[in-house]
1. When the residues of the range 212-228 are filtered to those that are in a loop (DSSP other than H, G, I, E, B) and buried (at least 16 other Cβ atoms within 10 Å of the Cβ), which remaining residue is farthest from the chain's Cα centre (by Cα)?
2. Would you call ASP207 closer than 16 Å to VAL33 by Cβ and either open to solvent by less than 30 Å² (accessible area, probe 1.4 Å) or out of contact with any Asp or Glu (no Cβ under 6 Å at 6 or more places or on another chain) (or both)?
3. For the range 128-150, which residues satisfy the criterion of being of a type in the set (Asp, Glu) and at pLDDT below 90?
4. Of (1) surrounded by fewer than 22 Cβ atoms within 10 Å (Cβ to Cβ); (2) over 16 Å from the mean Cα position of the chain (by Cα); (3) within 21 Å of ASN54 (Cα to Cα); (4) not aromatic (Phe, Trp, Tyr), ASN111 satisfies all except one. Which?
5. Restricting the range 150-161 to residues that are assigned to a helix (DSSP H, G or I) and touching a helix residue (DSSP H, G or I) at 6+ places or on another chain (Cβ under 7 Å), which is surrounded by the fewest Cβ atoms within 10 Å (Cβ to Cβ)?
6. For GLU71, all conditions in the list (1) more than 19 Å from CYS234 (Cα to Cα); (2) out of contact with any helix residue (DSSP H, G or I) (no Cβ under 8 Å at 6 or more places or on another chain) hold save one; what is the number of the exception?
7. Under 9 Å between Cβ atoms, which residue pairs at least 6 apart in sequence (or on different chains) link something in the range 120-149 that is open to solvent by 90 Å² or more (accessible area, probe 1.4 Å) with a partner that is basic (Lys, Arg)?
8. Exactly one condition in (1) open to solvent by less than 50 Å² (accessible area, probe 1.4 Å); (2) more than 21 Å from PHE171 (Cβ to Cβ); (3) not in a helix (DSSP H, G or I) is false for GLN78; which is it?
Amino acid sequence: KKKKKKKKTTETKPHNNINNPKQKANSQMEVVVVRHGHRLNWVQEDWGVEWQKNRPNDSPLSDVGLQQARELAQHLTQRPVSIIYASPYFRTLQTANEIALLAGVPIHVENGISEWTNSEKYQKEETITPKELAESFPLAKAEGQSLYATEPEPETLDEIQERVKRFVALFEEKEKFEEGKRIILVSHAATSILLIRELLHKPDFNDPISTCSKTVLTKASPTDDWHLASEPGCAAHLSGGVASPWHFPLPSPE
């Protein structure tokens with residue numbers, strides 16, 4: 001009797017990397033929108049810093065906020081980071097600095113993602129000086145770097161929406177698609193929501209954004225749109241979980 005030939009088996013490779021998340025991630029470009037950590041002025045009236053009088057809205061992080069920033073940094077740097085953009089406020093720079101120290105990449109100080117200082121409540125105030133920036137955050141690059149040239153100033157809601165729209169256009173023009181490119185945007189609650197709205201083209205997006213949370217967006221090609229790749233405002237990487245969530249006020253029920 002003739003022996004039957006055994007059929008050769010071949011290993012099936014994942015189709016389009018669907019079953020290989022690491023390979024899939026490396027083939028995409030990623031933007032991570034991050035909110036700063038817990039603010040010191042939420043728990044302490046006198047911050048103990050010399051700039052409090054001139055910059056009353058520029059609170060540094062609390063001890064809780066620093067811990068959040070370190071946990072966020074440990075989480076985000078499990079994969080390479082290409083560049084970090086940060087708002088020119090002390091709390092966002094502190095948050096970005098923890099990431100930059102572990103990632104070994106510079107911080108691009110960006111006015112376009114700065115805090116919303118509501119013109120109904122605030123007057124124009126100073127931001128961090130070049131001297132302070134150099135002393136406190138050596139990895140930060142500010143002079144001549146901001147895509148959005150105008151310094152932070154009080155704005156209406158329409159004005160901040162226009163500012164973020166303009167920044168996103170400039171950002172997408174500068175940061176061309178590259179496989180494996182990962183960009184961190186360290187901003188504030190209101191600005192983060194508007195960034196996500198603009199990148200996703202979803203004007204109704206209004207999910208709560210908590211301190212040191214992340215929202216991951218990806219695209220697979222230069223012509224692809226941005227897509228959500230994580231829960232919006234995800235805080236699963238933080239030992240304290242969700243803290244100080246914020247979203248734009250919802251309309252009152254009739």
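1. ALA220
2. yes
3. Scanning the range 128-150 gives a single hit, GLU143.
4. ASN111 satisfies every listed condition except (2).
5. Top of the filtered list is GLN161.
6. (1)
7. So the pair list comes out as GLU126/ARG55.
8. It is condition (1) that GLN78 fails.
The values are calculated or read from the model by the stated rules, or taken from the named source; none is laboratory data. Model, not experiment: these values are computed from the prediction. As a convention, Cβ positions derive from the backbone with ideal geometry for all residues, glycine included, and neighbour counts pool all protein chains shown. Ligands, DNA and RNA are excluded from the accessible area calculation, which covers all protein heavy atoms including side chains. Shrake-Rupley method; radii C 1.70, N 1.55, O 1.52, S 1.80 Å.
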